[in-house]
1. Determine if the range 309-328 includes at least one residue that is surrounded by fewer than 20 Cβ atoms within 10 Å (Cβ to Cβ), in contact with a strand residue (DSSP E or B) (Cβ under 6 Å, 6 or more places away or on another chain) and farther than 30 Å from residue 481 by Cα.
2. Only one of (1) free of Cβ contacts under 8 Å to residues at least 12 places away in the same chain; (2) assigned by TED's automatic domain parsing to the domain that holds residue 553; (3) assigned to a loop (DSSP other than H, G, I, E, B) fails for residue 397. Which number is that?
3. More than 30 Å from residue 20 (Cα to Cα), among the hydroxyl-bearing types (Ser, Thr, Tyr) and surrounded by fewer than 16 Cβ atoms within 10 Å (Cβ to Cβ): is that true of residue 306 in this structure?
4. When you go through 502, 512 one by one, which is the residue that is within 28 Å of residue 252 (Cβ to Cβ) and surrounded by 15 or more Cβ atoms within 10 Å (Cβ to Cβ)?
5. Regarding residue 440, is this residue surrounded by fewer than 19 Cβ atoms within 10 Å (Cβ to Cβ) and in contact with a Ser or Thr (Cβ under 8 Å, 6 or more places away or on another chain)?
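The values are calculated or read from the model by the stated rules, or taken from the named source; none is laboratory data. Computed from a predicted model, the values in this text were never measured in an experiment. Please note: Cβ atoms are built from the backbone with ideal geometry, for glycine as well, and neighbour counts cover all protein chains shown.
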Amino acid sequence: MITPDVPPQGGYLAKQCPVRAQWDVIRPTEPRPDSPVLERRFARGREFEQQIVARLIDLHPGALIIAPGERADREADTLAAMRAAVPLILGGRLPTDLIGRRVGEPDLLIPADDQAGYRAVDIKHHRCLDADPGRPPAHCSPLHHLGWAAAAPVPGSAARNRREDLLQLAHYQRMLEAAGMAAGDGRLGGIIGVDRVVAWYDLDAALGRQERRSAMQVYDAEFEFRLQVLAAAAEHLADPDRPLLVEPARISECPECPWWSWCGPQLQTGPGDVSLLPRVGWRARRMHRDHGVTNRAELAALDHRTATLVADGVDLRPIIAALGTLPDDTPITAVVGARKRAQRARLAGAGIRTLHQARALGKSTAAYADQPMRDLPEQIDLARAALGGAPAYRRRGVRRVEVPRGDVEVDIDLENVEDGVYLWGTLVTIRSPGWAGGPAGYRAFCRWAPMTAAVETGLFAEFWAWLAGLRGVAAETGRTFRAYCYNAAAEGGQLRRLAAATDLTDEVAAFTSSADWVDLLRVFDTQLITGSSTGLKAVARLCGFTWAVQDPGGGESMLHYDQAVGAADPAAAQAARDWLLAYNRDDVAAALALRDWLDQTASSYPPIEVLGT
């Protein structure tokens, strides 16, 4: 039960790290200031919102803008506007929900079509649509007719289910319900992104492919839990003997958190927290804690063979319980049961047919059978690699690291901002004598004009025509062709999106599904393991590659892009452009250096098995 001392909270709370919410109350140290990259994101977000609002005012003369002022006055004005069925409310503030402990300021409130009540829509400076014909199409309405009734499916496009967006919409939905002003024909919310349409979301639908709960269900659980965290933090502040509810863990938002300077050193103490490992999040960390595993060394000490059986769904608990109570020559079948054929087969495959052979199983690892973790063997190897003496290890069963090579190789790396892709960088390497199909080396396809749909698609068409032409010449001359990226989720996603906008969908799909398109991240990650980040900047260190520019990274590149297209001083603009080209050139050069290292050196690294079984 939440105490009345917890003040009403905004929608950001439900999507915020609970540890951050806790430290916002406790303030264990001086918080870090926002980075320039984060400040830029906020500023660009505000600028984009202003642009959209200005456009909406032009399109909807009947719109009402809630005037700035005292919160109570704005809440009253917003409620009065909804009761008056104003066709569009901008900058409103919903009535405070004292029972639910909620406050909220949706960017837009749109009346339900032919129904009483309103729906919330937020403006976000990011893309909301993906080119994904395999998923149900996104339902979008144009800015000149915002309502759900005007929404229509967009063939070939799927709405991005950004968790943070949907939780914020769910927060507004609960507030509308508390005020008695929610639409009566379904829980729907919308996001206006850089696509400049309203992408509509059913908040009662499953949040994602891996999350069966609806956005409303996830929001309710997350918001309630964080209210509990805030209550406990307030009690701890008043009485340090009162326990806190959460403790630090490494998650994706940590690098931008003002409290990372407090959490980071704690997590890195000694062998390091298990959450420092890639893809080990809150749930996995909690399960490890439940089984007495508190750091990477304890995780690395678990038995890999036993973990593999647990991951395969074998319930080892009856077997462990039988040890010492039944004779060693007891067949496993007598313990497991005749009906569990799949489990018996997996045990036999692991060489365990009697209780005597089962004595080699790790009891601590077998205990995980109460909450099977399918990636437990992977996590054990990650922990061992992170603490091992070698920079990298070959994965289990990998005798030689293999990399697809071609006579004509092209490394590809794009640079983009929220509004689109402004640079396609390429590095051509010729590994076949007698080639006359074009020069080797670096080539950049870029635009320094302010980003528009026409600028982006024109640039892509130029890049694609060049790439397709190069690939065609290679095929005509009997040479193998390979194009490489590092993380196909980035380049591949942008290729599909821009292909759909330029009538190249089939052509691009045929390319990205062929052997000519190689994801070097997958090549690396399926054969090598380091126990740390597998980003290009991290793994390039293995082959000794360094970037010429200072602070290379996607966030820094956005700061330089703003200068490259918007600086009043031509010299400053040119310096920013030079930085971006040098950064991109090193990105593709790093991919080539990594590929050569994988091909020539990586096989000499030890197998992960040397660190234990």
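1. No: the range 309-328 contains no residue that is surrounded by fewer than 20 Cβ atoms within 10 Å (Cβ to Cβ), in contact with a strand residue (DSSP E or B) (Cβ under 6 Å, 6 or more places away or on another chain) and farther than 30 Å from residue 481 by Cα.
2. Among (1) free of Cβ contacts under 8 Å to residues at least 12 places away in the same chain; (2) assigned by TED's automatic domain parsing to the domain that holds residue 553; (3) assigned to a loop (DSSP other than H, G, I, E, B), residue 397 violates only (2).
3. Answer is no for this residue.
4. From the options 502, 512, the qualifying one is 512.
5. When the stated conditions are applied, residue 440 passes them.
Condition check ((1) more than 29 Å from residue 584 (Cα to Cα); (2) part of a helix (DSSP H, G or I)) across all residues:
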site	(1), (2)
365	yes, yes
372	yes, no
384	yes, yes
403	no, no
435	no, no
443	no, no
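Yes or no, residue by residue, for (1) at pLDDT below 95; (2) among the acidic types (Asp, Glu); (3) within 31 Å of the chain's Cα centre (by Cα):
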position	(1), (2), (3)
20	no, no, yes
26	no, no, yes
53	no, no, yes
59	no, no, no
64	no, no, no
76	no, no, no
82	no, no, no
105	no, yes, yes
110	no, no, yes
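Here's the yes/no breakdown for (1) modelled with pLDDT under 95; (2) within 24 Å of residue 74 (Cβ to Cβ); (3) assigned by TED's automatic domain parsing to the domain that holds residue 41; (4) not in a loop (DSSP other than H, G, I, E, B):
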{"residue": "116", "(1), (2), (3), (4)": "yes, yes, yes, no"}
{"residue": "136", "(1), (2), (3), (4)": "yes, no, yes, no"}
{"residue": "167", "(1), (2), (3), (4)": "no, yes, yes, yes"}
{"residue": "180", "(1), (2), (3), (4)": "no, yes, yes, no"}
